[in-house]
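One structure below.
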Amino acid sequence: MKKTSQICQSKLPDNTALKQQQLPAYRLQLSATGVLSGFFATGAFCLGVGIILILSAKSIKEIEIKYTKICANCAELREDAINFDKECTCSIPFYLSETMQGNVYLYYKLYGFYQNLYRYILSRSNSQLVGTDLKDVGNCAPFSKSHNGTPIAPCGAIANSIFNDTIILSYNLNSSIHMEVPMLRSGITWWTDKYVKFRNPSAINLSSAFTGTAKPPYWSKPVYELDLEDTENNGFLNDDFIVWMRTAAFPTFKKLYRRLNRVQYFIEGLPAGNYSFNITYNFPVTRFKGEKSVVLSTLTWSGGSSLFLGLAYTVTGAVTWLAAFSMMAIHLMLKEKRTLFIER
Amino acid sequence: MSSILCAVNTCKLFYVLYDRSVSFINNLRGGEKDNCIHTSKYNILTFLPINLFEQFQRVANAYFLFLLILQLIPEISSLTWFTTMVPLVLVITMTAVKDATDDYFRHKSDNQVNNRLSEVLIDSKLQNEKWMNVKVGDIVKLENNQFVAADLLLLSSSEPHGLCYIETAELDGETNLKVRHALSVTSELGADISRLAKFDGTVVCEAPNNKLDKFTGVLSWKDSKHSLNNEKIILRGCILRNTSWCFGMVIFAGPDTKLMQNSGKTKFKRTSIDRLMNTLVLWIFGFLVCMGIILAIGNSIWENQVGDQFRTFLFWNEGEKNSVFSGFLTFWSYIIILNTVVPISLYVSMEVIRLGHSYFINWDRKMYYPEKATPAEARTTTLNEELGQIEYIFSDKTGTLTENIMTFKKCSINGKIYGEADDDMGQKTDMTKKNKPVDFAVNPQADRTCEFSDHRLMESIKLGDSKVYEFLRVLALCHTVMSEENSAGQLIYQVQSPDEGALVTAARNLGFIFKSRTSETITIEELGTLVTYQLLAFLDFNNIRKRMSVIVRNPEGQIKLYSKGADTILFEKLHPSNEDLLTLTTDHLSEFAGEGLRTLAIAYRDLDDKYFKEWHKMLEDANALIDERDERVAGLYEEIERDLMLLGATAVEDKLQEGVIETVTNLSLANIKIWVLTGDKQETAINIGYACNMLTDDMNDVFIISGNTAVEVREELRKAKENLFEQNRSFSNGHVVFEKQQLELDSVVEETITGDYALIINGHSLTVYDQWFITLFNIVYTSLPVLAMGIFDQDVDDQNSMDYPQLYEPGQLNLLFNKRKFFICMAHGIYTSLALFFIPYGAFYNVAGDDGQHVADYQSFAVTMATSLVIVVSVQIALDTSYWTVINHVFIWGSVATYFSILFTMHSNGIFGIFPNQFPFVGNARHSLAQKCIWLVILLTTVASVMPVVAFRFLKVDLCPALSDQIRRRQKAQKKAKPSRSRRPQTRRSSSRRSGYAFAHQEGYGELITSGKNMRAKNPPPTPGLEKTLYNSTSWIENLCKKTTDTVSSFSLDKTVKL
């Protein structure tokens, strides 16, 4: 008898909370007050954030000048690749009616340039760019090797199509004094890009390090001559190159080119007045029916955000409130009905 | 050497010939057909190829393989191979491990079965031999309670006439004993080893098949042929009972046995969710193809309009300059990229969830049956969620609904009801009356243990009421019970029908003790004095007559006919003088029937000598006839069973299993229809139906389908098709199963939905993202919370689901997961994916980081979207989880945490340093997630995706609340008050006027008794050939066997065979 009871005991499932599905649990219940107050709170929050975002977006000072048409002659010249060695400059004067307070950033912006093309994005070699294996051009098709078979450095379509206009902003204090606005090149790249993702091959001399490689076909000079004055800006470490290599998500994009060095006249920012952009026009955009522009912009707490986010928040908030009100109305109506029903 | 010859005769039947004589003379036991069985599928060498082959036959795996092949084509490949390889390998390994373990256990059980021992006649000696070494043609000795090793031809047994009893529970679930008997020529062999060893018969029989109730063959032995049928065959899996030994020759061994022929080919059972999912997966696949085509066309147009001009930056190979061709390639690329839209991993999740549920079933203490110390066991994991969608239950009666214990509850003698007072007390006694002291009548103490103990009846007996005496005499005389004395000298009754057992035992307890019988006499002890009655005739029971009579001569020389049977039948045969008593008794009968008792009417008739002699002469003449024998005999029975004097009626309770009534009530409230399959009489079935609340008086269309063959049943079913139908079921703790089903169902269903939509979102967004994310998304980030929810979620607690069986209905109606729901989920998925794409898209347009740097690069965009996706999905699952246990918390928070840790790991400097080409996202998470605007985007995306769902759900609960919602609400309210265990009042049906006649009896036993065949000779051994041969001695046994199987075979055809 004892034995059988022991057997029974052993076959009896364990009385643990897990096995008996009795784990202490919280039951999520969508109660009317909970849901409705949640909706109202969310709506209020969204509206608040939306309004703040819109206001701050409005406070941003931004100037954008499309220069494809302005520099039509240059654009025409670049239409044909044969003229690649002919220099073309273009000056774009403009008037800044208001001072741009604080930090001012200079961007270039491209329209209709599909940097997000799947094959384009893949056409690069990270192991080459990090300097470990210059010969690794595996994914770089169709720009992996030059005609004579030497590997291209930096290889790939992204590198080959680098934005190569030079933009200089000059401040016309008066009709006689034209001064170049001091710009900083540093700090335009992500720290990780500059110090982790892009590395030059280790050698005493950069040009010797790149021996046995060819320059990308569209480039006018080899990678180790991008900036001969500053070794920290030469080769793969060139800031403009790094910025270009961070491919944009959409066909219309702007990339940081320079930032204002706040010295002398420019301690407060960019003072109002006459300015001009002096552009060395190299990058052909008319071939793909694109456009390019230069952008000067200030920032707010949330960065250089556009109106969209603010509007989206406002709309979401408004819709949430609307939904909350109608839900409340329906709920109250039903409640009344129910109580009536019970009374009857 | 036993040889097997196959021939095709004109009827195109295969005959297999086993030549035994040769086998033994040469002492070479047959090599071809041994008894070794293999239920296992693989061995070590074949496992990998066969298993892989099987796995790739599954659509999901084949699809993965197809994708993998596509990805190896460089022009098409849009993702690297590991995105497909990793999940495929994972799935295949998991399945393979599961299959391997399953097969390992099959190997183990095969080994165990194959190594059982049985006694085999080898070299004229009985030797123990392993089952697997038993060969066709061997002679095997079986002992009582042994399992049969192979399909045997019964040669001889310890019982007279080569009878033996077997239990076929393993084959067809029937627990009652069946009779098998050897051919008389072989039964003479007895236990004579030397003669058995010389047995050199040849059997020609049908080819191995899976028909358990059919066998045809011919035994040729000693220049004569004997036909063989199922009654001479003992099948593998049976157990020998009540027979101390028997010998049999192996006819089919191992895989040829009927048992094995019935097993093995197990079909993979698909649940309705499986089927629905298959359909949906096909639709999704179609959707994927459509998407691919649309996107490919879009690509062609783009290439034509825009891409063409962009060629300077991205040369094309010569062949790809054609925009149509580019579109074609793009199509395949998109098929690969969007492959995760097809929720293949869902199949795996389903498996895991089912496994989890089956463990919960096994672990459930509420489904533990303490009496037999058996916990619930989910034998298959595939059908779990189907438990929540049951519409019909097909139940056996005996042993499932009823305990198969009959107790004598009440009687009406000469217009007086006895046995009423002890109704409630009687239910508690469970003592089997067989063990009661024989001198019950003189021992008043025994009253308490007796279920029937009406003192008024005892008074009547003491007073010597002749009607009561006659009544009890009928019970003691008119039956087919055999008596036996066990070693302790106690009287043991061997009953063929439990009803009779109950009646005879009741008579015994009341002082009319049936002691023994021969073929010509019946001895009973009437209140202490032994009386021997001469048995003159036995008018056997059959389905048409619905009654049974004996004609006896008592010691005083009077001839009496004692009869018992269905009231409706017997009442027509009464003498007109019985009218008053008849009305009274009829009232009593309705009362009994109203209580669900099985009733019989009891009557007698005095016969005069001359009349009986004439009649008996006629009966003998009729019996000698060959043509129309049965009809003539029946006519004669009719002739003598008239002008009966009514004595009264008996009421026997067919005891229901514990909890049957509650269970059946619950099941019917849950709208589950119950069908009872039984070999019993219609009346019995109806009776039980009423007794367990399955049938109620307000049911208009009660259909009882009866038929002896499958064809007949089908025909009957067709007739009943448009109407409602009867009856009941449960097992001892069946009702507990039910509560679980509800829980399971819901969780599985919801899991499926979540999984689906997660994948849909996934598919929409992935075009821009990191390949590692694609690889890992399903496996790591969201599958665990979904699994946790699927396994642990409970929408309503167990007590409430018991109290509201109506909760079950949505499951039956497929309301919880159907195509409409699926499309709602699809729409939701599409909405979410649009929100996930366009909100970041708009926000990223013309944006800059808070340090002026560029944040609208595609990598940041991808990180933003992926993070939003994970958060949205987690919030969604959190909302869907109505039952938050620790595990849910761990999995949901854990998966978010895992996401971030994996994100930061994959974007870390270290891993980039090692694999710069595989992990190009270095520093991205750090940089992007430090931006305020990115968090604002994620927040907005989450709000925009989740709010509509919450609103929709709120309105749904508010506007048309499902029952489960209401109950949940109530449950919450109840929590404050002390939860009281509500139990539905046990409703006992009020009576209606209807016959409760029922009698579990089989025809043919009367003949068995009068022939004296089943009476063991007092002096063993039964020397063959010595017993007197009666007229048509074999026919009665065949009759008996035929009739016995008739009633049970109709449904056993469809029964699955447990191995």
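Since every read-out is calculated from the coordinates, none of them should be taken as a lab result. All of these numbers come straight from a predicted model, not from anything done at the bench. Note: ideal-geometry Cβ built from the backbone for every residue, glycine included; neighbour counts use all protein chains shown.
Taking H as built 1.01 Å from N, whose amide H comes closer than 5 Å to the amide H of B:ARG598, not counting residues under 5 places away?
For B:ARG598, whose amide H was placed from the backbone, the distant partners under 5 Å are B:VAL652, B:GLU653, B:ASP654.
Pop out the ³J(HN,Hα) list for region B:198-207 in order, Karplus 6.51 cos²θ - 1.76 cosθ + 1.60 with θ = phi - 60°, rounded to Hz; leave Gly and Pro as x.
Couplings: 8, 4, 10, x, 10, 10, 10, 8, 5, 6 Hz.
Taking loop as defined by DSSP and a crowding limit of 12 other beta carbons within 10 Å, which GluC sites (Glu not before Pro) in region B:614-661 fit?
Values: sites: B:GLU614, B:GLU620, B:GLU628, B:GLU631, B:GLU638, B:GLU639, B:GLU641, B:GLU653, B:GLU658; in loops: B:GLU628, B:GLU641, B:GLU658.
Listed in order of number, the matching sites are B:GLU628.
Using Cα springs under 10 Å in a Gaussian network model of chain A, which residue among A:MET183, A:MET333, A:MET100 shows the largest mean-square fluctuation?
Evaluated over chain A, the most mobile residue of the options is A:MET333.
In degrees between 0 and 90, to the nearest 10, how far off the longest principal axis of chain A does helix A:307-343 point, with axes built from Cα atoms?
The angle comes out at about 10 degrees.
Tell me, what HN-Hα J-couplings in whole Hz come from the Karplus equation 6.51 cos²θ - 1.76 cosθ + 1.60 at θ = phi - 60° for each residue of region B:151-167, using x for Gly and Pro?
Values per residue, Gly and Pro as x: 6, 10, 8, 5, 9, 7, 8, 6, 7, x, 6, x, 6, 8, 10, 10, 10 Hz.
So for A:ILE54, B:ILE674, fewest C-beta neighbours within 10 Å to most, what's the order?
Lowest count first: A:ILE54, B:ILE674.
Which one, A:THR68, A:TYR95, A:PHE84, projects farthest toward the positive side of the charge dipole computed for region A:57-99 from Cβ point charges (K/R +1, D/E -1)?
So the residue furthest toward the plus end is A:TYR95.
Show me, for region B:352-364, the HN-Hα J-couplings you get by feeding each phi into the Karplus relation (A = 6.51, B = -1.76, C = 1.60, θ = phi - 60°), rounded to Hz, glycine and proline as x.
5, 5, 4, 4, x, 5, 5, 5, 5, 5, 5, 7, 6
First measure r as the distance between the Cβ atoms of A:LYS86 and A:SER207, then evaluate 1/(1 + (r/R0)^6) with R0 = 25 Å and state the FRET efficiency to the nearest 0.05.
For A:LYS86 and A:SER207, the calculated efficiency is 0.45.
May I ask for the angle, rounded to the nearest 10°, between helix A:32-59 and the longest principal axis of chain A, with both axes built from Cα atoms and the value confined to 0 to 90°?
Long axis of A:32-59 versus the principal axis of chain A: about 10 degrees.
Taking the Cα centre of each part, how many Å lie between region A:266-280 and region B:623-647?
Comparing the Cα centres of region A:266-280 and region B:623-647, I get a distance of 128 Å.
At what distance in nm do the modelled label points of B:VAL218 and B:ALA62 sit from each other, each positioned 7 Å from its Cα along Cα→Cβ?
Modelled inter-label distance: 4.9 nm.
So what's the angle, to the nearest 10 degrees on a 0 to 90 scale, between helix A:2-11 and the longest Cα principal axis of chain A?
Computed tilt is about 40 degrees.
Skipping prolines and chain starts, which residues have an amide H placed within reach, meaning under 5 Å, of the one on B:GLN657, given they are 5 or more residues away or on another chain?
B:THR402, B:GLU403
Run the numbers on chain A and let me know its relative contact order in percent, using alpha-carbon pairs under 8 Å that are six or more apart.
35
Suppose each label sits 7 Å from its Cα in the direction of the beta carbon; what would the A:TYR26-A:GLU232 distance come out to in nanometres?
It is 5.1 nm.
What is the set of long-range amide H partners of A:THR89 at a cut-off below 5 Å, with H atoms built 1.01 Å from backbone N?
Hits under the 5 Å cutoff: A:TYR281.
Past 26 Å, Cα to Cα, is the threshold; run B:LYS410/B:LYS610; B:LYS130/B:LYS198; B:LYS366/B:LYS655; B:LYS41/B:LYS141 against it and keep the listed order.
Table pairs above 26 Å Cα-Cα are B:LYS410/B:LYS610; B:LYS41/B:LYS141.
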